[in-house]
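Everything on this sheet refers to the single structure shown next.
The values are calculated or read from the model by the stated rules, or taken from the named source; none is laboratory data. Quantities reported herein were computed from a predicted structural model and do not represent experimental measurements. Cβ placement follows ideal geometry from the backbone for every residue including glycine, while neighbour counts extend to all protein chains displayed. We work out accessible area using only protein heavy atoms, side chains counted, and drop any ligands, DNA or RNA first. Shrake-Rupley method; radii C 1.70, N 1.55, O 1.52, S 1.80 Å.
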Amino acid sequence: MSAKFAAPLLALALGACAATIPIQKTPRQLEKPIAPIDEAGPLFASTCEDWDEWDKPAYPVRIHGNTFLVGTCGIASVLITGTNGHILIDSGTEAGADLVLRNIRRLGFDPADIKVLLHSHEHHDHVGGMARLQQVTGAELYASADAAKAFESGLPISSDPQAGMHEPFPIARVDRVIAGGDTIRVGNLALTAIATPGHSPGALSWHWGSCEGAECNRIVYADSLSPVSADAYKFSDHPEYLTDYRASLTRIEAVPCDILITPHPSASNMLDRMAGRSPWIDSEACENYAEALRERLEERVKKEQGE
């Protein structure tokens, strides 16, 4: 169900702290909007399959207001546009970066107007193209401390549950180290980071608000948070990491969100939602997403412990 807001700020409680989700207002569209969900969504759904190939081209789609999905069928990339520059979250693979750039241009935006690059988790399928995007856009890359180490080496760090599983990706320059709770601002844009270690140590999720005319929605780009690891890794052997992982799920569960996006589109039932077979706007999306992942994690831990 869509949320309506009369004020430009939304109050968000995360744990004991209070934060706000600034709402990006967009002018009423006098001309036909770019890639509206009711038109571009079915095109995306008809082109892509569930858990599709990482580098399979997809149609760009307006998520809401100033927010666009510009990735591939298998890997999300999210563009948030502003009057003084844009923000892009995730690059896709090294090869996928050029598909992302193509979609940005298809929407009529100039990649040179992207000022900041952000990430979800620091694996090659989601950030392998960051170096390419830096080269084309000239944008600065902001990363969590653990993700910054991965960008410096092109590989997951040793504490990553998937260390040793991935091929290296091109090294990218990190311009600023950020943490959960930090708000990234570019002109009239403001996105707030949520620390969500679990799938990887440096994973970040993001939340922001966007208005389209009088309709305002809270958008969350929630990290994968699935308990995937190398064969020899046991989450139960790392109690501190497991505690942080569970805390990440609690944070996502607590974030008010009307529209959920995930690094792998299928993880948030994107095809059915794009095709109109499932609700596009769902105020319980983040809660349900976190609960499903919590069940998977606890099942994994029980299995590791022989229960």
Problem - Percent RCO, i.e. relative contact order, over the chain, from Cα pairs under 8 Å lying at least 6 residues apart - result: 19 percent
Handout entry: Nearest-10 value in Å² for the accessible area of THR93, using the 1.4 Å probe
Key = 10 Å²
Exercise for the section: Give me the number: length gained by fully extending ARG277 to ASP237, i.e. 0.36 nm times residue separation minus the C-alpha to C-alpha distance, one decimal in nm. Expected result: 10.3 nm
Fill in the blank from the handout: Helix 37-47 sits off the longest principal axis of the Cα atoms of the chain, rounded to the nearest 10 on a 0 to 90 degree scale, by 50 degrees
Handout entry: Acute angle (nearest 10 degrees) that the helix 96-106 long axis makes with the longest principal axis of the chain, alpha-carbon atoms
Key = 10 degrees
Fill in the blank from the handout: Quick tally, 1.4 Å probe accessible area for TRP208, TRP54, sorted with the most first, runs TRP54, TRP208
Problem - Net charge dipole size for the chain [Lys, Arg +1 and Asp, Glu -1 on Cβ; Debye, nearest 20] - result: 920 debye
Practice task
Please determine, in degrees from 0 to 90 and to the nearest 10, the orientation of helix 239-254 with respect to the longest principal axis defined by the Cα atoms of the chain, where the helix direction is its Cα long axis.
Solution key: 20 degrees
Handout entry: Computed FRET value (nearest 0.05) for SER46 with ALA95, which takes r as the C-beta separation and R₀ as 22 Å
Key = 0.45
Problem - Solvent-accessible surface (1.4 angstrom probe) belonging to TYR142, in square angstrom, nearest 10 - result: 30 Å²
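Counting only protein heavy atoms and using a 1.4 Å probe, what share of the accessible area of the chain belongs to carbon plus sulfur, as a whole percent?
51 percent
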Fill in the blank from the handout: Only helices counted: for the chain, with every DSSP H run of 4 or more residues adding -39500 (n - 2.57) and the sum spread over all residues, [θ] at 222 nm is -8000 deg cm²/dmol
Practice task
Can you sort MET130, MET165 by 1.4 Å-probe accessible area, starting with the largest?
Solution key: MET165, MET130
Problem - Accessible-area order (highest first, 1.4 angstrom probe) of the listed residues TRP51, TRP280 - result: TRP51, TRP280
Handout entry: Proximal aspartates and glutamates relative to LYS32, as straight alpha-carbon distance under 18 Å, when same-chain residues fewer than 8 apart are discounted
Key = GLU212, GLU215
Problem - Accessible area (Å², 1.4 Å probe, nearest 10) - ARG251 - result: 90 Å²
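Just subtract the alpha-carbon distance of GLU152 and ARG105 from 0.36 nm times their residue separation and send over the number in nm, one decimal. Before the final figure, lay out each step's value.
On the way: separation 47, 0.36 × 47 = 16.92 nm, distance 2.88 nm.
Result for the pair: 14.0 nm of gain on full extension.
Could you grab the relative contact order for the range 96-247? Cα pairs under 8 Å, six or more apart, rounded to a whole percent.
Values: 270 pairs, mean separation 29.7, N = 152.
20 percent.
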Exercise for the section: Find the accessible area per residue for the chain; the probe is 1.4 Å, ligands and nucleic acids are left out, and the unit is Å². Expected result: 42 Å²
Completion exercise
Full extension between ILE171 and ALA112 adds, at 0.36 nm per residue less the Cα distance, a length in nm of 19.2 nm
